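The values are calculated or read from the model by the stated rules, or taken from the named source; none is laboratory data. Owing to the predicted nature of the structure, the values given are computational and were not obtained by experimental measurement. Neighbour counts run over all protein chains shown; Cβ positions are idealised from the backbone, glycine included.
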Amino acid sequence: MQLKPLIAINALSVVGNGCMAVQPIIVGALVDRLGFTEAQAGFVAALEMTGVGVGFVVLFGLAHRLRRRVLASAGLITIAAANLMACLIHTYAPMLATQFVVGLGSAMVFSVYLQAGAAQERPEHLFAIVNAVSIAYSGIFMPITPFILAAWQLPGIFVTLAAIAAVSGVLVSWIPAVPAATPASPQRVAATASAALLTPRVVMVLLMMLLLYTGHGAVWAYQERIGVSLGMDPRSVSRWLGISMLTWGVIGSMLASWLGMRLGRLWPQVLSLGVSVFAALILVFGATPALFALACGLIALSWFYGLPYQMGLLSHYDRLGRLNLIGSTMTTGGAALGPALAAMLVASAGHWPVGVLAGCCYLVGLLLVIPPSLERSRRLAVAADA
């Protein structure tokens, strides 16, 4: 992919991921600054991700027919306007509605990136690069957020997110009108378009992604609160979250880009999901700041090492990017379900069940993704021999 489209696609990914990237900080600020309960703050995070999921469902049959630049512009305007509106809100119900709209805008922006990525000959490579950029953005932004909160309270965060969306609008003209086609893509697309998309193996991958992000969403929404519960200063917690993203998250993504298919399709899933189980349990049972920092690093490493392979696996089933939209619907559905389940668990039993819930989700997800990974590995081997 050429440099200008790559820059534009990275910008779309950064803005589309924005709502989830700063979710722990917003959850904490809703509690500390606006007086929401931890459960209410969790439900705000859940409804925002629900908006993303609803947006993906609506766009599933439409996105590949719409003009990319128009769709991206509409999403950026929606995100900026909703975040500016959130600056004026201090109560629970209106905040729920506003963050739902932010989620809808994120889905519009992110869908353009997903379709461009799915059409590439090596989708795992592009997904890894874009993920690394998005993670680096999160890692830089996280340590800055406490200073923004101290100076301008929660509206400062919302204004910053709106400004990032507005600045990204300058790059809309660099977005390719249609995703770049690979030499073999016409035949692949024709074959995929005529075949049933939701085969049993594809459904297993989609269910894995739902469970994966249920676990991620539960942990991520309350990660800042877990650190604070250990007696850590909120600024210190934000700093560790940023460091984990900026170092271990980027390392995970670039490791996926460098390794490619050297380990096949199965082992990356085993490694990423297995480490995720371990990290989730350390997070809630570690009980020391050092173990909290270790858990944050492992969560970021495993999350973003595995994600390019999971998105790439769907891309090989469908080059039009429709399955990546469904997959993102599953991830955002999980990212909405996770905080909601965690909010109920925290209200009744504290933070430790959040890690157990996440660990169980990762383990079941691993069992689901093994058969599709083995099947695609066999097909690639047969194609290589032919």
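Going residue by residue through the range 89-96, is there one that turns out to be aromatic (Phe, Trp, Tyr), part of a helix (DSSP H, G or I) and within 30 Å of Met232 (Cα to Cα)?
In the first step, residues of the range 89-96 are kept if they are aromatic (Phe, Trp, Tyr); the result is 92.
This time we only want the ones that are part of a helix (DSSP H, G or I), so: 92.
Cutting the leftovers down to within 30 Å of Met232 (Cα to Cα) gives us 92.
Yes, the range 89-96 contains at least one residue that is aromatic (Phe, Trp, Tyr), part of a helix (DSSP H, G or I) and within 30 Å of Met232 (Cα to Cα).
Scan the range 220-242 for residues that are aliphatic (A, V, I, L, M), at pLDDT below 85 and within 16 Å of Ala290 (Cβ to Cβ) and jot them down. Can you show your working first?
Step one: list which residues in the range 220-242 are aliphatic (A, V, I, L, M), which gives 221, 226, 228, 230, 232, 237, 241.
Then drop every residue that is not at pLDDT below 85, which leaves 221, 241.
Correct list: Leu241 only.
Filter the range 220-247 for residues that are among the hydrophobic types (A, V, I, L, M, F, W, C) and crowded, with 24+ Cβ neighbours inside 10 Å; which is farthest from Val14 (Cα to Cα)?
Start the filter on the range 220-247 by keeping residues that are among the hydrophobic types (A, V, I, L, M, F, W, C), which leaves 220-221, 226, 228, 230, 232, 237, 240-241, 243, 245-246.
Imposing the further condition that a residue be crowded, with 24+ Cβ neighbours inside 10 Å reduces the set to 220-221, 226, 237, 241, 245.
Values: Trp220: 17, Ala221: 18, Ile226: 26, Val237: 22, Leu241: 17, Met245: 13 Å.
It comes out as Ile226.
Exactly one of (1) surrounded by 21 or more Cβ atoms within 10 Å (Cβ to Cβ); (2) among the small types (Gly, Ala, Ser); (3) within 30 Å of Val109 (Cβ to Cβ) is unmet by Ala295. Its number?
Every listed condition holds for Ala295 apart from (3).
With the structure loaded, tell me whether Ser348 is buried (at least 24 other Cβ atoms within 10 Å of the Cβ) and of a type in the set (S, T, N, Q) or whether it fails that test.
Working: buried (at least 24 other Cβ atoms within 10 Å of the Cβ): no; of a type in the set (S, T, N, Q): yes.
Criteria not met by Ser348.
Would you be able to say whether some residue in the range 279-301 is closer than 19 Å to Trp240 by Cβ and of a type in the set (Ser, Thr, Tyr)? Quick ask: steps written out before the conclusion?
To start, the set of residues in the range 279-301 that are closer than 19 Å to Trp240 by Cβ comprises 279-301.
Checking which are of a type in the set (Ser, Thr, Tyr) leaves us with 288.
Yes - at least one qualifying residue is present in the range 279-301.
Which residues, taken from the range 335-358, are more than 18 Å from Gln40 (Cα to Cα) and under 18 Å from the mean Cα position of the chain (by Cα)?
Once the filter is applied, which keeps residues that are more than 18 Å from Gln40 (Cα to Cα) and under 18 Å from the mean Cα position of the chain (by Cα), the range 335-358 yields only Ala358.
Suppose we filter the range 309-335 for residues that are surrounded by 24 or more Cβ atoms within 10 Å (Cβ to Cβ) and in a loop (DSSP other than H, G, I, E, B); how many remain?
Looking only at that region, the number is 2.
Does Ile144 meet the test of being β-branched (Val, Ile, Thr) and over 19 Å from Ile7 (Cβ atoms)?
Details: β-branched (Val, Ile, Thr): yes; over 19 Å from Ile7 (Cβ atoms): yes.
In short, yes.
Which ones in the range 7-20 are closer than 15 Å to Thr160 by Cβ and surrounded by fewer than 24 Cβ atoms within 10 Å (Cβ to Cβ)?
Answer for the range 7-20, where residues must be closer than 15 Å to Thr160 by Cβ and surrounded by fewer than 24 Cβ atoms within 10 Å (Cβ to Cβ): Val14, Asn17.
Conditions tested, residue by residue: (1) under 21 Å from the mean Cα position of the chain (by Cα); (2) touching a residue at least 40 places away in the same chain (Cβ under 8 Å); (3) closer than 19 Å to Asn17 by Cβ.
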{"site": "Met204", "(1), (2), (3)": "yes, yes, no"}
{"site": "Leu211", "(1), (2), (3)": "yes, yes, no"}
{"site": "Pro289", "(1), (2), (3)": "no, yes, no"}
{"site": "Ser302", "(1), (2), (3)": "yes, yes, yes"}
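How about the range 1-65: which helices (runs of 4 or more DSSP H) wholly inside it have at least 3 residues that are at pLDDT 85 or above?
3-16, 23-32, 38-59
Out of all the residues in the range 66-82, which are modelled with pLDDT under 95, in a helix (DSSP H, G or I) and more than 13 Å from Gly16 (Cα to Cα)?
Selection gives Arg68, Arg69, Val70.
In the set Cys360, Cys296, which member is hydrophobic (A, V, I, L, M, F, W, C), modelled with pLDDT of 95 or more and out of contact with any strand residue (DSSP E or B) (no Cβ under 7 Å at 6 or more places or on another chain)?
Working: Cys296 fails: modelled with pLDDT of 95 or more.
On inspection, the qualifying residue turns out to be Cys360.
What number of residues within the range 213-244 are closer than 19 Å to Ile148 by Cα and assigned to a helix (DSSP H, G or I)?
Total satisfying the criteria: 13.
With respect to Trp248, is the statement that it is touching a residue at least 12 places away in the same chain (Cβ under 8 Å) and over 20 Å from Phe56 (Cβ atoms) true? Outline the logic, then answer.
Numbers: touching a residue at least 12 places away in the same chain (Cβ under 8 Å): yes; over 20 Å from Phe56 (Cβ atoms): yes.
When the stated conditions are applied, Trp248 passes them.
Assuming Arg68 fulfils every condition listed in (1) in contact (Cβ under 8 Å) with a residue 60 or more places away in the chain; (2) more than 29 Å from Leu198 (Cα to Cα); (3) buried (at least 22 other Cβ atoms within 10 Å of the Cβ) apart from one, which condition is it?
It fails just one condition, (2).
Filter the range 76-92 down to the residues that are of a type in the set (Gly, Ala, Ser) and crowded, with 18+ Cβ neighbours inside 10 Å and list them by number. Explain how you work it out, then say what you get.
Our first condition is that a residue be of a type in the set (Gly, Ala, Ser); within the range 76-92, this holds for 80-82, 86.
Those that are of a type in the set (Gly, Ala, Ser) and crowded, with 18+ Cβ neighbours inside 10 Å: Ala80, Ala82, Ala86.
For the range 115-174, which residues satisfy the criterion of being farther than 24 Å from Leu307 by Cβ and polar (S, T, N, Q)?
Gln153, Thr160, Ser173
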